[in-house]
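Here the structure is laid out as structure tokens; the discussion comes afterwards.
The values are calculated or read from the model by the stated rules, or taken from the named source; none is laboratory data. Not measured: the values here are computed from a predicted model. Cβ sites come from the backbone with ideal geometry, for glycine too, and all protein chains shown count toward neighbours.
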Amino acid sequence: MSSSQPTPGASDAQHATRPLIHAAAALGVALTEHDALRLLRLLEELARWNRRFNLTAITEPADMVTHHLLDSLAVHRHLHGARIADVGTGAGFPGLPLALANPERRFSLIDSNGKKIRFVSHAAHALGLVNVQALQARVESLRPEVPFDTVMARAFAALPTLVRAVEPLCGPDTRILALKGKWPKAELEALPDSWQAETVPLSVPGLTEERCLVILSAGSPSARH
């Protein structure tokens, strides 16, 4: 670890937990101090692995908190059901922070990149997340016996491509959560008519970039918000 880019660790974690707990509460997530320490441990592990495997371009500690932890927790209110899939999870976001905040739900984190899935598996073990399954696979090839209740994706693909890719994971009651930056007008207009879409603006503490969540469900078309 270089001196110019320190990562939250054991020595300063106690001081970092309070603002993290406060910011998470603004997103509707109640973290204990132990939860917050484990989330900071996740960033510590990510920074350590990143030096060898280039898992993320975000390396400044404050940016890692906002862009990885809080950006992930921002969709907590919109999770549906008990079985959650995170497709194209990368280094485990949004799946790992949400799994920590929702121990009663089961999360399948899916990515075709072996080094990223190895990190996800390592991080889940290090954090004691027994509700996380790390799967190295192309999402299009998966055929689960039971549909997922929620399928979520961050920076995975344009919405029409996303719904085609994840359709085998979905049942009639599945909710798809697509985390986006600016309102994706063209993508929404290109969606098949078999999907309903609702767009919800997201306000992430400490994050100045625009964020929104597109919530997709099967059914007749609705007005694209």
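Worth a mention:
- Any chance Pro184 is within 30 Å of Pro61 (Cα to Cα) and free of Cβ contacts under 8 Å to residues at least 40 places away in the same chain: yes
- Conditions (1) crowded, with 17+ Cβ neighbours inside 10 Å; (2) over 30 Å from Arg48 (Cβ atoms); number of the one not met by Val146: (1)
- Counting only residues that are closer than 18 Å to Leu96 by Cα and either in contact with a strand residue (DSSP E or B) (Cβ under 8 Å, 6 or more places away or on another chain) or at pLDDT below 95 (or both), region 10-31 holds 1 of them.
- Qualifying residue in region 131-148 (condition: β-branched (Val, Ile, Thr), at pLDDT 95 or above and closer than 23 Å to Ala101 by Cα): yes
- Reported count of residues in region 31-54, each being among the hydrophobic types (A, V, I, L, M, F, W, C), assigned to a helix (DSSP H, G or I) and over 15 Å from Arg118 (Cα atoms), is 5.
- Check on Val120, aliphatic (A, V, I, L, M), free of Cβ contacts under 8 Å to residues at least 40 places away in the same chain, buried (at least 21 other Cβ atoms within 10 Å of the Cβ) and not in a loop (DSSP other than H, G, I, E, B): yes
- Selection from region 63-81 of residues that are touching a Phe, Trp or Tyr at 6+ places or on another chain (Cβ under 9 Å) and in a helix (DSSP H, G or I): His67, His68, Leu69, Asp71, Ser72
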